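Only the coordinates and a few stated rules stand behind these numbers; no lab work does. Note that the structure is a prediction, hence the values are computed from the model and not measured. No Cβ is skipped: glycine too gets one built from the backbone with ideal geometry, and neighbour counts run over all protein chains shown.
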Amino acid sequence: MPLSTLHPGDTAIDLARYRERLTALNPVISHGSVRHVVGLLVEIEGMAGQLGELCRISRAGTDPVLAEIVGFREHRTLVMPFGDLRGVQAGARVTADGGLFTVPVGSQLLGRVIDGLARPIDGLGPIAGSTRQTLEAGAPHALQRRTISEPLSTGVRAIDAALTVGKGQRIGIFAGSGVGKSTVMAMIARHSAADVNVIALVGERGREVREFVERALGEDGLARSVVVVATSDEPALIKMQAAMVATTIAEAFRAQGLDVTLLMDSVTRYAMANREIGLAIGEPPTMKGYPPSVFSALSRLLERAGTSDEGTITAFYAVLVESDDLTEPITDAVRGTLDGHIVLTRELAAQNHFPAIDVLQSTSRVMPSIVTQTHLSAAGRLRELLATYERSRDLVTIGAYQAGTDPRLDEALQRLPAIEDFLRQRPNDAQPLETTVAQLLAVTGAPAEPAPSSVPAAAIDVGAVIEVDAGASTDIDAARAAVPEVVETPPELE
Ligand SMILES: Nc1ncnc2c1ncn2[C@@H]1O[C@H](COP(=O)(O)OP(=O)(O)OP(=O)(O)O)[C@@H](O)[C@H]1O
Ligand SMILES: [Mg+2]
């Protein structure tokens, strides 16, 4: 309704929106001209502005190209374009109107696919009536964050059983190329118990994006998701932007009190885009060519997910491990920042074991404080059985092991087929956490308590919070005595 038709009695009109716009309005428009273009970087003379501000560079014969102020050098403003620089001439006029980049947020985005500049690319028209927010909302203050106390059912058996994720936890999914990262992400997006998903596809190939949205995510998955896409052929700035746009949208849903899942595929491409920009503006390269600012940008981005006092963002970041090297700098930095990591291995994928999650190499740091004692013990037993087999695998494979020599190994070998069936899962099979825990108890032969306790394990006995790895001896030894002779295979696995 135009303002001129308002009457004093019209209390239903929300003036806040108009006030907000007025406050954001900058009456000063600044101009400059292009002096220098090297690669992605444009140097502008005579234009004032602030970091992150948007400007437009005029081009011969076509629309101006949108750019962002990324730095300053000797009285000149450095900007980076969001699009193609072709048509830009020396001396071309550049205009900055003080506007910062804003993102539409809210429920109108559900079911939509947008690009790194938050423009719809699904052919479904503009995003109706949504409010907008700037990108740099910042992470919630450490003391305003709720502690992670509740498990999130991801629907992926191997994760829910052995690497239980808490609402508000941030996890990395580490793997080399083609090992199944995107498939695991799509399974979580489709099957998890979260209220909404925000999915950032950063630096993926164009073909994969369509496949992900139409096939892996499907109609039901898309209906409760927002997908933000920046394909590999787009400028570095757009790729960086896509990661931040997705995080901002997730933050807005969290502020409404929702449990949000943020899935980013991949955070490595975000870091690479950051490296490209850092090097272009003249930062010195350090580890593997990454300038130092990449690592601070990365931890700022990852810090924005997690819990706030209103809701939660459970975040899954896919990390492409170059040449399967887990000590590569980005992998290392991400692993140190997050509260857990899931490692997918080429070896398991080659055996057609999907999802190719290597349980022994993966860990969820919050699991002990969010699951029941029964669940934690059974997960420990699962690790122990797998580790026992792993230690003697070579012997067993070449037929040098004599059954009856080592009772622990005998038990691991007996239970292994059921455990492997349990850990394998087809992308379309969803399974809630409770069913997974019941099956975990059955395949590991871990004792179920007479009345399952809903008290988190950590609340019962802090001393029982142990990460069981190869060779670790735990209180599970005591539970071993109660193991029945025969593995009770749950009906679902038969
Ligand atoms: N749960 C699964 N069940 C069966 N096959 C699977 C499963 N997960 C992955 N795969 C197989 O692995 C292939 C690669 O998976 P995906 O595209 O998810 O890997 P990626 O790690 O994301 O690859 P990239 O590094 O290229 O992005 C798929 O085409 C599919 O054949
Ligand atoms: Mg992928």
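For this structure, a couple of remarks:
- Note, ³J(HN,Hα) from phi for segment 181-197, Karplus 6.51, -1.76, 1.60, rounded to Hz, x at Gly and Pro: 4, 5, 5, 5, 4, 5, 4, 5, 4, 7, 9, 6, 8, 6, 6, 9, 10
- Proxy reagent accessibility, fewest Cβ within 10 Å first, across 19, 56: 19, 56
- Assigned charges on the beta-carbon of Lys, Arg, Asp, Glu; segment 210-336 dipole about Cα centre (debye): 220 debye
- Of all DSSP beta bridges confined to segment 233-328, the antiparallel ones make up roughly 25%.
- Legend: ranking of residues 114, 277, 13 from fewest to most surrounding C-beta atoms inside 10 Å; resulting order 13, 114, 277.
- Using the Cβ-Cβ distance between residue 397 and residue 300 with R0 set to 45 Å, the FRET efficiency from 1/(1 + (r/R0)^6) comes to roughly 0.45.
- Proximal lysines relative to residue 288, as straight alpha-carbon distance under 21 Å, when same-chain residues fewer than 8 apart are discounted: 239
- Scanning residues 5 or more positions from residue 197 or on other chains, those with amide H under 5 Å from its amide H are 225, 226, 261, with H placed 1.01 Å from N in the peptide plane.
- Sites residue 22 and residue 448 - FRET efficiency at Förster radius 51 Å, r taken between beta-carbons, to 0.05: 0.20
- From phi via Karplus (6.51, -1.76, 1.60), per-residue ³J(HN,Hα) for segment 260-276 in Hz, x at Gly/Pro: 10, 10, 10, 10, 10, 10, 10, 6, 5, 5, 5, 5, 5, 5, 4, 5, 4
- Table column - 3J(HN,Hα) (Hz), segment 295-309, Karplus curve with 6.51, -1.76, 1.60, x for Gly and Pro: 6, 6, 4, 5, 6, 4, 5, 5, 5, 6, 7, x, 8, 10, 7
- Per-residue Cβ neighbour rank within 10 angstrom, fewest leading, 42, 88: 88, 42
- Extension gain, residue 233 to residue 210, is 6.8 nm, computed as 0.36 nm per intervening residue step minus the present C-alpha separation.
- Electrostatic dipole magnitude of segment 324-450 [Cβ: Lys, Arg +1; Asp, Glu -1; Cα centre; debye, to 20]: 180 debye
- Placed amide H near residue 167: partners under 5 Å, 5+ positions off or other chain: 149, 150, 152
- Here the chain is assigned +1 on the Cβ of each Lys and Arg and -1 on the Cβ of each Asp and Glu. Its dipole about the Cα centre then comes out at about 1600 debye.
- Considering helices alone, the calculated mean residue ellipticity of the chain at 222 nm is -10000 deg cm²/dmol, with DSSP H runs of length four and up weighted by -39500 (n - 2.57) and normalised per residue.
- Amide H contacts of residue 133: 103, 105, each under 5 Å away and 5 or more positions distant or on a separate chain (H built 1.01 Å from N in the peptide plane; Pro and chain starts excluded).
- Separation between Cα centres of segment 128-199 and segment 399-428, rounded to whole Å: 31 Å
- Fully extending the segment from residue 223 to residue 430 would add 72.8 nm, taking 0.36 nm per residue of separation and subtracting the current Cα-Cα distance.
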